[in-house]
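Have a look at the structure below before the remarks.
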Amino acid sequence: DAGITQSPRHKVTETGTPVTLRCHQTENHRYMYWYRQDPGHGLRLIHYSYGVKDTDKGEVSDGYSVSRSKTEDFLLTLESATSSQTSVYFCAISEFQGDTEAFFGQGTRLTVV
Amino acid sequence: GQQVMQIPQYQHVQEGEDFTTYCNSSTTLSNIQWYKQRPGGHPVFLIQLVKSGEVKKQKRLTFQFGEAKKNSSLHITATQTTDVGTYFCAGISGGSNYKLTFGKGTLLTVNP
């Protein structure tokens, strides 16, 4: 498996609190992605990064922000968590944008109560 | 925006039966990728198709990319219990934003 680690793996938080999920890679891949997975919706792209400090929005970016200050780390922040953000979050990395395989992390199960 | 539709959503088969999942895009794709996700696991890359009409095989799995590069299929011959999982297609359209758009996936269950 590619060197990609997500933390935490599980988290329960209260509505209205900020939450940060971390994705760490040791592959030195340029591109990093955050997806959320919900039953019946498949994998939906939240944000992605194409380099240090270079990020762009995906299809479901409202309520989320990201930061990438180092090649190896991509952070996803929920500024004020809502119950609709209860989901499984996957980080993915790829060496080139979109035309090579993406390697996924193990996922973070987030529950907002 | 680009949409990738995948059918069926669920498929239950008896071990030894064949299985096919179909993927259709609203736009012409630059390429298409297929992933498998085991229950409780994370998506794992299976294959990428790039050329119009391309067919690739991996043991019992056959992948096809349509001539118009707007549809694709994954066919599994003689399913086994190890094939259980959700199969996703993911497409990329051209332009300045080469983002992978995933279909909703097909959950395959196999009765031994």
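The values are calculated or read from the model by the stated rules, or taken from the named source; none is laboratory data. Computed from a prediction, not measured in an experiment: that's the story for all the values here. Virtual Cβ from ideal backbone geometry, glycine too; neighbours counted across all protein chains shown. The protein model used for the area step is the full one, side chains on, heavy atoms only, and it has no ligands, DNA or RNA in it. Shrake-Rupley method; radii C 1.70, N 1.55, O 1.52, S 1.80 Å.
Could you tell me which of the residues A:F74, A:F96, A:F104 is within 14 Å of chain B (Cβ to nearest Cβ), among the aromatic types (F, W, Y) and open to solvent by less than 30 Å² (accessible area, probe 1.4 Å)? Reasoning before the result, please.
Details: A:F74 fails: within 14 Å of chain B (Cβ to nearest Cβ); A:F96 fails: open to solvent by less than 30 Å² (accessible area, probe 1.4 Å).
Within the list A:F74, A:F96, A:F104, the selection yields A:F104.
State whether one or more residues within the range A:29-50 are more than 14 Å from chain B (Cβ to nearest Cβ) and in a loop (DSSP other than H, G, I, E, B). Step through it out loud before you land on a result.
Initial filter on the range A:29-50 (more than 14 Å from chain B (Cβ to nearest Cβ)): none.
No, that holds for no residue.
If you take the residues of the range B:76-96 that are β-branched (V, I, T) and within 11 Å of chain A (Cβ to nearest Cβ), which of them is farthest from B:N24 (Cα to Cα)?
In the first step, residues of the range B:76-96 are kept if they are β-branched (V, I, T); the result is B:76-77, B:79, B:81-82, B:84, B:86, B:92.
With within 11 Å of chain A (Cβ to nearest Cβ) added as a condition, the list becomes B:86, B:92.
Values: B:T86: 17, B:I92: 12 Å.
Applying the filter and picking the extreme gives B:T86.
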Practice problem: Having 2 or more residues that are buried (at least 18 other Cβ atoms within 10 Å of the Cβ) and at pLDDT below 95 is the bar; report the strands (runs of 3 or more DSSP E) wholly within the range B:65-112 that clear it. | Solution: B:85-93
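Taking the range A:8-28 as the search range and keeping residues that are part of a strand (DSSP E or B) and open to solvent by 80 Å² or more (accessible area, probe 1.4 Å), which one is nearest to the other protein chains (Cβ to nearest Cβ)? Don't jump to the end; show me each part of the working.
Within the range A:8-28, the subset part of a strand (DSSP E or B) is A:10-13, A:19-25.
Within this subset, residues satisfying the condition of being open to solvent by 80 Å² or more (accessible area, probe 1.4 Å) are A:10, A:12, A:22.
Values: A:H10: 12, A:V12: 18, A:R22: 16 Å.
My answer is A:H10.
Would you be able to tell me the number of residues in the range A:63-83 that are free of Cβ contacts under 8 Å to residues at least 40 places away in the same chain and touching a strand residue (DSSP E or B) at 6+ places or on another chain (Cβ under 8 Å)?
Applying the first criterion (free of Cβ contacts under 8 Å to residues at least 40 places away in the same chain) to the range A:63-83 yields A:63-70.
With the extra rule that they be touching a strand residue (DSSP E or B) at 6+ places or on another chain (Cβ under 8 Å), the set shrinks to A:63-68.
Residues in the range A:63-83 being free of Cβ contacts under 8 Å to residues at least 40 places away in the same chain and touching a strand residue (DSSP E or B) at 6+ places or on another chain (Cβ under 8 Å): 6 in total.
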Quiz item: How many residues are within 13 Å of chain A (Cβ to nearest Cβ), open to solvent by less than 40 Å² (accessible area, probe 1.4 Å) and modelled with pLDDT of 95 or more if we restrict to the range B:9-32?
Solution: 2
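Quick check on the range B:35-45. Is at least one of its residues more than 10 Å from chain A (Cβ to nearest Cβ), outside any loop (DSSP other than H, G, I, E, B) and at pLDDT 95 or above?
As a first pass, look at the range B:35-45 and keep what is more than 10 Å from chain A (Cβ to nearest Cβ): B:36, B:38-39.
With outside any loop (DSSP other than H, G, I, E, B) added as a condition, the list becomes B:36.
From what's left, at pLDDT 95 or above: B:36.
Yes, the range B:35-45 contains a residue that is more than 10 Å from chain A (Cβ to nearest Cβ), outside any loop (DSSP other than H, G, I, E, B) and at pLDDT 95 or above.
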Quiz item: Among all residue pairs at least 6 apart or on different chains, which show Cβ distances below 7 Å where the first residue, located in the range B:48-75, is away from every other protein chain (no Cβ under 14 Å) and more than 16 Å from B:G105 (Cα to Cα) and the second is of a type in the set (A, V, I, L, M, F, W, C) and open to solvent by 60 Å² or more (accessible area, probe 1.4 Å)?
Solution: B:T62/B:V55; B:Q64/B:V55
